[in-house]
């Protein structure tokens, strides 16, 4: 016989929901409510910590749009990702920069985050729920399969991924997890803990930025644009300076991690991944500084994104230098991530 307490603490999975004609799957236990937007990129659009009713992920005012139903005036590969961007957690493949790869023009941040995925609920018990999602890319012969697992009495989401090259040639790719945090989670300011060794600020960010670009610093102390030492692990509160910044953190071992912590709320979000696979952590900060497209002065976020390589405005050279991930014909690459929310005791 199942007792009431067992029902309260048990896991559940539901695919009875759609949002703007896009399929949604929810995974839940007594701590977490995880919303997966299967109908658009398999985004994790909700990662709610139930005891405090806080979702730390970013949600922009324009909300979630269906790219198959709502169109901008002019389709532009360079801006399509940003046109539909609302926050949350995207899977990005097979690239980040816009460029011509072997005859195919690739748009910003690839195609996987805007396409519908397929899904199957493969386990539904009170102890554990598991959903599998997958997609085959249009621009390259790649199959990406992902399972998301939530366990009873656990504040972590477990993700297993498998990427297969179904083509007859080796492919060069960038692969990333675009995880962005927003209000109210980061309102009072946050700290970042990670086991990176170095960081460098992207050169192409606007002048209203925080760190001097193209200089490698030992994490977390760098040099800001005024020439003073600055601790990159300390993110000011919402009333602090307005700026835009993008930094690349490197030097990870196999067991890579970060924790973004709000001490006032006594809440932390932690991600663990294979640092030999996702070798670079991108830290993107946008603090109401960008007044033009795509943010129009209304984006406030800290994004912490594990990627297989750093960003580049010269992808052909990066590929030539073997900086991008290579996947051979018929090869399958497997990896795992884990993300969770914790209160300090």
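The values are calculated or read from the model by the stated rules, or taken from the named source; none is laboratory data. For clarity, every value in this text was computed on a predicted model and none was experimentally measured. Methodologically, a virtual Cβ is constructed for each residue, glycine included, from the backbone with ideal geometry; neighbour enumeration extends over all protein chains shown.
The combined condition, being touching a helix residue (DSSP H, G or I) at 6+ places or on another chain (Cβ under 9 Å) and either within 21 Å of residue 84 (Cβ to Cβ) or at pLDDT 95 or above (or both), is not fulfilled by residue 307. Please indicate, with yes or no, whether at least one residue in region 171-190 is modelled with pLDDT of 95 or more, over 18 Å from the mean Cα position of the chain (by Cα), in a strand (DSSP E or B) and farther than 25 Å from residue 247 by Cα. Looking for residues that are modelled with pLDDT of 95 or more, over 18 Å from the mean Cα position of the chain (by Cα), in a strand (DSSP E or B) and farther than 25 Å from residue 247 by Cα, one finds at least one in region 171-190, hence yes.
Applying the condition of being in contact (Cβ under 8 Å) with a residue 24 or more places away in the chain and surrounded by fewer than 14 Cβ atoms within 10 Å (Cβ to Cβ) to region 294-322 and asking which residue is nearest to residue 206 (Cα to Cα) yields 313. Summed over region 164-203, the residues that are touching a helix residue (DSSP H, G or I) at 6+ places or on another chain (Cβ under 7 Å) and over 28 Å from residue 316 (Cα atoms) give a count of 0. Being within 14 Å of the chain's Cα centre (by Cα), more than 24 Å from residue 131 (Cβ to Cβ) and in contact (Cβ under 8 Å) with a residue 60 or more places away in the chain is a description that does not apply to residue 42.
When residues in region 213-253 are screened for being closer than 19 Å to residue 282 by Cβ and either part of a loop (DSSP other than H, G, I, E, B) or touching a helix residue (DSSP H, G or I) at 6+ places or on another chain (Cβ under 7 Å) (or both), 11 of them pass.
A search for C-beta distances below 7 Å between a residue of region 323-343 that is free of Cβ contacts under 8 Å to residues at least 40 places away in the same chain and on the phi > 0 side of the Ramachandran plot and any residue that is in a loop (DSSP other than H, G, I, E, B) and exposed (fewer than 13 other Cβ atoms within 10 Å of the Cβ), counting only pairs 6+ apart in sequence or on different chains, returns nothing. Return the pairs, sorted by first residue and then second, in which the second residue is modelled with pLDDT under 85, the first residue lies in region 58-84 and is more than 13 Å from residue 19 (Cα to Cα), the beta carbons are less than 7 Å apart, and the residues are 6+ apart or on different chains. Sorted first by the residue in region 58-84, then by its partner, the pairs are 83/72. For region 20-37, a tally of residues being assigned to a loop (DSSP other than H, G, I, E, B) and crowded, with 22+ Cβ neighbours inside 10 Å returns 1. Restricting region 191-212 to residues that are part of a loop (DSSP other than H, G, I, E, B) and loosely packed, with under 15 Cβ neighbours inside 10 Å, the residue that is modelled with the highest pLDDT is 197. Quick check on region 280-291. Is at least one of its residues in a loop (DSSP other than H, G, I, E, B), crowded, with 18+ Cβ neighbours inside 10 Å and over 18 Å from the mean Cα position of the chain (by Cα)? Yes, region 280-291 has at least one match. Counting only residues that are at pLDDT 95 or above and not in a loop (DSSP other than H, G, I, E, B), region 44-83 holds 9 of them. You will find that of 72, 14, the residue that is in contact with a helix residue (DSSP H, G or I) (Cβ under 6 Å, 6 or more places away or on another chain) and more than 20 Å from residue 179 (Cβ to Cβ) is 72 and no other.
Note on region 213-253: among residues that are within 22 Å of the chain's Cα centre (by Cα) and free of Cβ contacts under 8 Å to residues at least 40 places away in the same chain, the one that is surrounded by the fewest Cβ atoms within 10 Å (Cβ to Cβ) is 220. The conditions of being surrounded by fewer than 21 Cβ atoms within 10 Å (Cβ to Cβ), under 28 Å from residue 295 (Cβ atoms) and modelled with pLDDT of 95 or more are met by residue 86. Scanning region 97-110 for residues that are part of a loop (DSSP other than H, G, I, E, B), crowded, with 18+ Cβ neighbours inside 10 Å and more than 17 Å from the chain's Cα centre (by Cα) yields 98, 107.
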